[in-house]
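Colleague: Could you have a look at this structure, given as structure tokens, before my questions?
Just so it is clear, none of the values below were taken in a lab; they were calculated from the coordinates. As the structure is a computational prediction, the values presented were derived from the model and not from experiment. Please note: Cβ atoms are built from the backbone with ideal geometry, for glycine as well, and neighbour counts cover all protein chains shown.
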């Protein structure tokens with residue numbers, strides 16, 4: 001006699017409706033470059049490549065957005081998550097809400113021969129910026145034992161000398 005398991009069981013593919021399961025399945029995408037396609041019905045509305053900054057659940061104040069620079073996914077924006085395993089053993093994620101779907105895949109690394117497809121390292125162009133160094137913000141060090149502290153006496157024409165003998169009152 002077999003019993004029905006209480007938790008769902010998936011191997012390499014499935015349709016997940018649990019918010020916690022969706023978040024756990026999407027977690028490997030954090031801090032990764034991915035490609036995305038947004039479809040409404042069968043029509044491709046938008047596509048791009050971006051960096052997954054956050055994946056949240058149970059926070060209605062955080063929106064889901066996909067841009068070429070950053071991606072934020074709020075699991076509560078979607079009814080369910082479909083996932084499947086590609087032949088190269090990477091997952092394809094499909095987030096579904098009504099007739100809209102966002103398909104997310106790990107972005108393939110581009111080769112030098114093929115620079116029109118694939119992910120590239122996002123760079124920050126610093127050519128239009130000037131670096132300024134502020135003096136006086138560094139660590140303060142104590143003067144050396146043989147270095148005079150302060151300015152020499154102004155009416156003395158000779159170089160300032162430091163005496164190591166104690167002061168004696170007359």
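Colleague: Cα atoms only: what Rg and Dmax, in Å, come out for the range 13-106?
Modeller: Looking at the range 13-106, its Cα Rg and Dmax stand at 12.2, 37 Å.
Colleague: Please report Rg (one decimal) and Dmax (integer) in Å for the Cα set of the range 43-96.
Modeller: That works out to 12.4, 37 Å for Rg and Dmax.
Colleague: Full-extension gain between residue 67 and residue 15, please, as 0.36 nm times their residue separation minus the C-alpha to C-alpha distance.
Modeller: My answer for the length gained is 16.2 nm.
Colleague: Once label points are set 7 Å from the Cα along Cα→Cβ at both residue 8 and residue 100, what is their separation, rounded to one decimal in nm?
Modeller: 2.2
Colleague: Work out the FRET efficiency for residue 88 and residue 134 from their Cβ-Cβ distance, taking R0 = 45 Å, and round it to the nearest 0.05.
Modeller: 0.35
Colleague: Arrange the following residues from fewest to most other Cβ atoms within 10 Å of their Cβ: 81, 29, 44.
Modeller: Going from least to most buried by this count: 44, 29, 81.
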